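Engineer: Would you mind keeping the following structure in view while I ask a few things?
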């Protein structure tokens, strides 16, 4: 169900649950007028984006290269 990028999917689910929980708390304290709809929409949108992300097996470098030693000049005595 979660796929190869399960950590990203879990983060998306958590984002949606937190956004919904926040909206429920605001609703119980003040009705529809108290709900921050922009926060709810942003949280759900971010969660959906994280759930559908295809980031499994992706690196930040197109071709990983081994680090090379840089020459160091030592001060002369």
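Where a number appears in this text, it was derived from the coordinates with a stated rule and is not lab data. This is a predicted model, so every value here is computed, not measured. Glycine gets a Cβ as well: all are built from the backbone with ideal geometry, and neighbour counts include every protein chain shown.
Engineer: Among residues belonging to segment 1-40 that are in a loop (DSSP other than H, G, I, E, B) and more than 22 Å from residue 54 (Cβ to Cβ), point out the one that is farthest from the chain's Cα centre (by Cα).
Structural biologist: The qualifying residue farthest from the chain's Cα centre (by Cα) is 31.
Engineer: Something else about it: For the subset of segment 23-40 comprising residues that are touching a helix residue (DSSP H, G or I) at 6+ places or on another chain (Cβ under 8 Å) and more than 22 Å from residue 12 (Cβ to Cβ), which member is surrounded by the fewest Cβ atoms within 10 Å (Cβ to Cβ)?
Structural biologist: 34
Engineer: Taking residue 43, is it assigned to a helix (DSSP H, G or I) and buried (at least 16 other Cβ atoms within 10 Å of the Cβ)?
Structural biologist: It is true that residue 43 is assigned to a helix (DSSP H, G or I) and buried (at least 16 other Cβ atoms within 10 Å of the Cβ).
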